[in-house]
Every structure is written in structure tokens, then in C-alpha cells.
């Protein structure tokens, strides 16, 4: 029947085309949901299973006994606070190292940027075990012979591990501001280099610094290799030790570790939103 | 004695000479504009004065002190940038107070000075706004206030109006001039906009290819350009090539010194006819002392030329020409006619109200006073197809 597709029935042709487009859109939506739900299931089903397992420490009763056991263990708090301290030290040292370096490269040595990116990607390539063996061999007769030497090496190792995350966060933040003009403006007003970094550059990198900080926190809290080989009482080795001696507590602590990581990332999001909300909105009609 | 002095200043980037042998003396309290096209070196000079670039050669002296190698944060100069450069995490008041804190002024003194500066730039009561809450013009006012708050010895402005729209630009440039005159602060203003430079400067420095092409008052630069570049860069300038006739003190127009052939018997019907048959042989100019036969350009501004319809009278002591209107361009307040006169084109600006009387393809008469035509000695102009095919005729062959 030529009637339906003939030029004399443009309305019917348009309707047919609209229906076809709508069906195509629905099909795409369907498959989008399929992949989203599939991916979500892939990640959440094991977590749900672990959570369920962690609730069965008491026979025939679903309860938080395993969690209570973990939280009552003095070694848990000891290792947790130890790693927390190392994480905070790592974050501040990373800021002190990476912010001025990235700033100087952006301002005066842009040709070195590709090399910076290469160096900061090395922790992805070089296994942590190789790093820590290098540290041990180099400092076995010096730092490692001191009381705090192991902690110092541990923190140094963490700083290296944090390079990819901290550098990328800070580099992205710096690219969003006109570093050169802000620097020159501050210089023309009499500011020295340290003052410029502290009072002009750092305040404009709040979100970037926090992003890098919480990613570093998540990495440090879960790190095992370096802490274990340096024989430090960090959270990572504690979790591994617990898994070799207990049954239900490792599941509980795995979930606690997940919660810590996701919590850190969530805080990054919240703080980022708060900083954005805290920024003054443009006036509707500035004079 | 000069307040700010640049002596044999050079700046090279690899093999590229961005600034070549620049010598400049700037008196205290004057407003100087560095004017030129992009890449001429004007911003480089400003940045060397500010201390953001190190000269390759030469020296910079301020009030007798050599500041060539002095760090930027110790030169006591205020600078306003093209891209506003306000600190985004500080309010307008905090921005202005930034330099005052570094000078260790007391809190009360800082506050008073901030209020004074905000009033000076017309932003009283807006100190608590952040840069994102200000318009472009307001941001530049804050940037200006911030630069002035520290009472700098020199104020440097690097194309501060380029990012603003036309009306705001006009308003702000007059504000800048008013403030500069009020504070009597030595000011160096970089721009590529000649209207800006000519309207607010005590002196204009025209730059080209890293060198100073000409410097003088705005009137001198506009009315008496000394070089072909300045003549063509500043405003629109008609350039009539020819050779200097030392005996009659006139320009013999054309690219060759041949004798004019006999005029044809017929009247021109086309542009080609016209260009071949009718041309002005000589042009009266300002008095100048040049050897016979020197290649020259006769320079006359479009607004100095009067256009009348054919058969109009030419006043005495004026150059009378005939030409063919080849195009008409509407420029707002004026309409620009491009007129073929012999082998060269002249641009003539007329009030828009006269636009209806002139159109393309029309034969017209034009005249301009002899003293409005400057003479510039140059290298011989290159030959063009029109020049090669066009003989020279007497003006009265139009008959």
C-alpha cells in the first residue's frame, strides 16, 4: 500500500519516524539499565555476602558480635591510629612537596611537565615490594637503626605511593586558575615566593588539595606491603594478621576498610560541594 | 632629568629579537602610551620594566637607580593586567588590602586606605564582593585600586581595557586618565588601540618590530607621521607615491618620471578607460627640502579631502583631482569612499548624511589643501600592473 509512505501522507511518515526513534531510545535505555544493574550487582553482591557472613559470628543469630570483637581489640585501635598518623603526615608532606613543584613547573618549566607526569606514574609501574626493598637496602645501617627510622621510611614510601593521586589532583586544580597572572600580580604588590605559594596559590587549591588528601588517606589506610616489610604496626598488616587467626572478624574488618575508603571519597564530594556552595554566586545584575 | 629611563634595551628569545635598542626617557607624572600591533614588543618592554622579564642587554633606571636586575617584588610598581588578575578567594577589599598588609600598615590604616581607593575608582560600598560578583569593568577598577593602594612609583597598565566591551572601555579609559592626573602618577599604558592611546596620553610611542618607530604628542603622531609605518598604522592615511620635484616643490605623481602623453579625444566610460586616460600629474604639498627625484609618498588624511560632484569649483591653493568612485563603505558616523585617481586610490571620509549623493561608478572631483599633504621620503614603490599600463595625462584633459 503506497498510501502510507507516499508524499501525500507526510503526517503518517512523520509519525512512523517518531515511533521508530522512540523505540530506539527505549531500547538504548533498557540496555543502559541492564549494564548499570549488572555492574552494580558485580560489586555489591560480594559485599552483601561478606556483610551477611560477618553477622553470623554467633551461631543461628544475626548480630554484630564480630564487629564488637574488632572494636574491642586494642590492636585494632593501635594500628588504626598508627596508620591515621602516617596518613596525615603523608598528606602534609605530599602537599609541601608537590604543590610548590607543580607550581614551579607550571610557571617556569612547562617543558618538564611530561617528565613530571612520568615520574608520578612510576608508583603504578614499580611494585611496592621493590620500593620497600630499595629503602631497606639503602637505609639499613642508618635510619632503620633508629627508633623512629622505620616510621620515617614508611611515611616516605607512602609519599611516593601518593604521587599519582596527589599530583593529578593538584595539577588539575592549578590548570583551572591563571597561575602566571596571579603570581605576577602578587609580585607587583611586593609578595615574595613563599608568600605567593601560601597566600595566593594554596587558598585557590582547596578542593584539589582535599581531593588528593582523601585519596591518599584511602591508599595509606589499606596499604600492606611496605608496612609489613618495615615491620610497622599499621592497619594493613593488622587486617592480614586478623584474617589468618579469626573467621568472622576479617569479613567485618574488610567492610570497615571499605567503609573507610568510601567514606573518604564521600567526604571529598561533600567538601567539594560545600566549597562550591560557599563560593559567592554571581549577582543577577551587577552594576 | 628623566624619571624612568630605558637605555639601549634589548630582549631576545632565542634568535628572535623582541626588543631592539629601545631608548626611552619618561618624565615624572606623565601618561605614556606604548602603541603598536601585536608582536611589536610593547608588552615585552612593560614586563621588563615591571621585572617579569630580564633584559638581554641595556638598562632601566628609575629615579636615578638602576633597577635592571632588581626583583619584581622590590620595584615598587603597580601593575594592571589584561586578564583582571584579582585573587578569586579574596573580596575586593581584601584584594586592595593585599599589598598594604605586605607593607605592614596597621589595620585601621589599611581599612582607611581601602575605603579611599574604592571611592577613587567609583566602587564605594562594594568592598565585600568577590571578583565573581563583579562585572568586567568593576573588576578592572578593583585591579586599578589594588595597584594604586600601595602608592607605587610607576603605574603599569598592560592592555587593561582589551577584554571589555566598547562602552565600558570608553568610560574606564577616561576614569584611568582622570585618576592619573589627580594622583600625578607616572603611567605607562600598553595598547594596540590607537583611539585609546591618542585620547588619553601625554605622549605616544609607536612601536614596530621591536623598535620605536616614532614618539610624540598624540597630535604630532596623528598629523605629522614621520614614517610610512606610523602613517599607515595611525588612522587611515592615503599614500600617494611619486617623485619629488625640487624645482616646483611638488610631487610628480606616479611610479616613473616619464613625460605625460597627449590626452585622448573621448570621455571615459569605464574604470579601465578612466584609469588609463585621466590622472593627476602633480600634487602640491607642505614645504620640504629633498633632492630632486627622491622617491616620496604624499600623505593626506581621508577627512582632509573634500569630494564634490563633477564640475564643482576647486578653491585656490588646493590640489584639485578627478576620480572614479570604486566603492562606498558605511562606517557608522562616516562613510568612506574609495576613489580611483589615475594610478592610485584615495580614501575619503564623508559625514554619513552625504552618503546618498555618492555611489560606485560615479565620476567626482576632489580637492585638499596643499598644507594637509605631508611628504615622506621612501624607497621606490614596487611596480603594479596598473602602474605599468597607465600613462600620465594632464588633469584638464577631462574637459
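General remarks:
- Mean-square fluctuations from a GNM of chain B, with a 10 angstrom spring cutoff on Cα atoms, peak among B:192, B:249, B:89 at B:89.
- When restricted to Cα atoms, region A:20-100 yields an Rg and a Dmax of 22.7, 65 Å, respectively.
- Burial ordering of B:35, B:118, fewest other beta-carbon atoms within 10 Å first: B:118, B:35
- Label point of residue A:140 set 7 angstrom out along Cα-Cβ; within region A:211-240, amide nitrogens under 19 Å from it belong to A:226-232.
- Working note: 222 nm ellipticity from helices only, DSSP H runs with n ≥ 4, each -39,500 (n - 2.57), summed and divided by the residues of chain B, gives -7000 deg cm²/dmol to the nearest 500.
- Selected from B:153, B:104, B:211 as most flexible by GNM, with chain B as the system and alpha-carbon contacts under 10 Å: B:104
- Put a dot 7 Å past the Cα of residue B:111, heading toward its Cβ, do the same for residue B:38, and the two dots end up 4.7 nm apart.
- Across region B:144-244, the convex hull enclosing all Cα atoms gives 123 Å³ per residue.
- Centre-to-centre separation between the Cα atoms of region A:204-261 and those of region B:148-206: 59 Å.
- Neighbour counts of other Cβ atoms within 10 Å put B:244, A:104, A:35, B:367 in the fewest-to-most order A:35, A:104, B:367, B:244.
- In chain B, the longest principal axis of the Cα atoms and the axis of helix B:92-102 are about 70 degrees apart.
- Whole-Å semi-axes of the protein assembly as shown's equivalent ellipsoid (Cα gyration tensor): 73, 37, 24
- Stokes-Einstein D (µm²/s) once Rh is taken as the Kirkwood radius of region B:32-172 over alpha-carbon pairs, at 37 °C in 0.692 mPa s: 204
- With a Förster radius of 25 Å applied to the C-beta separation of residue A:192 and residue B:65, the computed FRET efficiency comes to 0.75.
- Radius ratio Rg over Rh of region A:11-54, counting only Cα atoms, Kirkwood formula for Rh: 1.45
- Folded to 0 to 90 degrees: helix B:107-120 orientation relative to chain B principal axis, Cα: 20
- For region B:118-138 versus region B:67-95, the gap between their alpha-carbon centres in whole angstrom: 17
- Crossing angle, helix B:166-183 versus chain B [Cα axis fit, 0-90 degrees, rounded to tens]: 60
- Geometric extent, Cα atoms of region A:66-278 - Rg, Dmax (angstrom): 19.4, 65
- Helical runs (DSSP H, four residues minimum) scored at -39500 (n - 2.57) apiece and divided by the length of chain A put the mean residue ellipticity at 222 nm at -25500 deg cm²/dmol.
- For the pair region A:74-153 and region A:26-72, the centres of their Cα atoms are 34 angstrom apart.
- Ordering B:159, A:223, B:356 by the number of other Cβ atoms within 10 Å of each residue's own Cβ, fewest first, gives B:356, B:159, A:223.
- Most fluctuating residue given options B:158, B:289, B:25, as computed from a GNM of chain B linking Cα atoms under 10 Å: B:289
- Percent RCO, i.e. relative contact order, over chain B, from Cα pairs under 8 Å lying at least 6 residues apart: 15
- Averaging over all projection directions, the Cα-based convex hull of chain B occupies 24.1 nm² in the image plane.
Where a number appears in this text, it was derived from the coordinates with a stated rule and is not lab data. All values reported here derive from a predicted model rather than from experimental measurement. Virtual Cβ from ideal backbone geometry, glycine too; neighbours counted across all protein chains shown.
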